[in-house]
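The values are calculated or read from the model by the stated rules, or taken from the named source; none is laboratory data. Given the structure is predicted, the values throughout are model-derived calculations rather than measurements. Glycine also receives a Cβ, built like all others from the backbone with ideal geometry; neighbour counts cover every protein chain displayed.
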């Protein structure tokens with residue numbers, strides 16, 4: 001596979017991500033690309049999403065079923081999400097206390113180049129029984 005084709009496929013994935021509201025599965029994103037006439041294999045969608053996630057260009061949250069959902073980053077700084085287990089609504093969470101705690105743990109064990117992911121999920125106010 002040539003680098004040009006890879007770049008074209010990445011652009012298709014990014015364009016599709018920009019058209020959806022909220023988080024979307026790789027399968028749903030692949031379906032959206034196909035419906036619009038794109039020819040990107042599902043395995044390529046997964047591969048591109050992984051690369052975009054590694055580059056911090058997409059946010060990733062995990063469902064209770066273990067499925068990854070993706071969204072184009074709206075904030076390029078490090079952040080976390082609080083996600084609804086029922087409807088998938090998410091809130092970006094700024095947690096300076098967590099960041100400080102993570103740095104302290106890394107220092108205590110002399111780790112470098114620390115990275116972490118925190119996933120919080122619950123039931124949002126719209127889905128919660130009244």
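Considering the conditions (1) assigned by TED's automatic domain parsing to the domain that holds residue 9; (2) more than 19 Å from residue 9 (Cα to Cα), residue 33 is excluded by exactly one of them, (2).
Is it the case that residue 82 is in a loop (DSSP other than H, G, I, E, B), assigned by TED's automatic domain parsing to the domain that holds residue 125 and either farther than 17 Å from residue 15 by Cβ or under 11 Å from the mean Cα position of the chain (by Cα) (or both)?
Working: in a loop (DSSP other than H, G, I, E, B): no; assigned by TED's automatic domain parsing to the domain that holds residue 125: yes; either farther than 17 Å from residue 15 by Cβ or under 11 Å from the mean Cα position of the chain (by Cα) (or both): yes.
In short, no.
Of all residues in segment 86-97, none satisfies the criterion of being touching a strand residue (DSSP E or B) at 6+ places or on another chain (Cβ under 7 Å) and either at pLDDT 90 or above or surrounded by fewer than 11 Cβ atoms within 10 Å (Cβ to Cβ) (or both). Filter segment 98-116 down to the residues that are exposed (fewer than 10 other Cβ atoms within 10 Å of the Cβ) and modelled with pLDDT under 90, then identify the one that is nearest to the chain's Cα centre (by Cα). Per the criteria, the residue is 115.
Step by step: first the residues of segment 51-72, then only those that are within 9 Å of the chain's Cα centre (by Cα) and in a loop (DSSP other than H, G, I, E, B), then the one that is modelled with the lowest pLDDT. Which residue is that? Ranking the candidates gives 56 first. Condition first: within 10 Å of residue 13 (Cβ to Cβ) and in contact with a strand residue (DSSP E or B) (Cβ under 8 Å, 6 or more places away or on another chain). Now tell me which residues in segment 36-56 satisfy that. Residues satisfying the conditions are 49, 52.
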